[in-house]
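Working notes, structure below.
The values are calculated or read from the model by the stated rules, or taken from the named source; none is laboratory data. What you see is a predicted model, and the numbers here were worked out from it, not measured in a lab. When we count neighbours, we look across all protein chains shown, and the Cβ atoms used for this are built from the backbone with ideal geometry, even at glycine. Protein only, heavy atoms only, side chains kept; ligands, DNA and RNA dropped before computing areas. Shrake-Rupley method; radii C 1.70, N 1.55, O 1.52, S 1.80 Å.
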Amino acid sequence: MPNLAEAREWLKFAQNDYDFAVDIESKFWPKHMERICYNCQQSAEKALKAILAYHDMEIPKTHNIGILVNECVKYEPSIQMDTRTARQMTSYATISRYPDFVTTWTEADAKLALKYAKQALEMVKESLDLSEKQ
């Protein structure tokens, strides 16, 4: 039985992460590219976890976008993301969070992260809208 309430909670958190990344991008100077990229990754991750929550599946404790996409497609074939994009989004979570792995993300990275996060959110919202009508 679909768990729409839990899926909506995950999506709310995903939207909040995305909105925060947009705020950082538009309101802060100097721009904190690492924070933009990290919050975009979190948005995509939580959006994908919303699909699993909707299908009442155990939510894996992973930041790996590729793993999450592969799990989601089992239940929602419309969930698609190419491997390169998934790898890039995953790197925004793991590389930018810790001093040992500091990478200087560029404005181009931040714009890409915003684009991919928005696509993930829209894809999941569309998928869940379709699921609700079935």
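Each Cα pair under 8 Å and six or more residues apart adds its separation to the average, and for the chain the resulting relative contact order is 32 percent. Computed from Cα positions, the angle between helix 4-27 and the longest principal axis of the chain comes to roughly 20 degrees.
Of I59, F13, L114, whose Cα points farthest to the positive end of the dipole of the range 6-120 (charges on the beta-carbon: +1 Lys, Arg; -1 Asp, Glu; origin at the Cα centre)? With unit charges placed on the Cβ atoms, the residue in question is L114.
Roughly speaking, to the nearest percent, how much of the chain's 1.4 Å accessible area is carbon and sulfur?
Numbers: 4200 of 7700 Å².
C and S fraction of accessible area: 55 percent.
Of the trypsin sites (Lys or Arg not before Pro) found in the range 1-110, those that fall in a DSSP loop while having at most 12 other beta-carbon atoms within 10 Å are K61, K74.
The listed residues M89, M33, M1, M57 rank as M1, M57, M33, M89 when sorted by accessible area, largest first, using a 1.4 Å probe. A DSSP coil position with no more than 13 other Cβ atoms inside 10 Å describes the following GluC sites (Glu not before Pro) in the range 1-109: E58.
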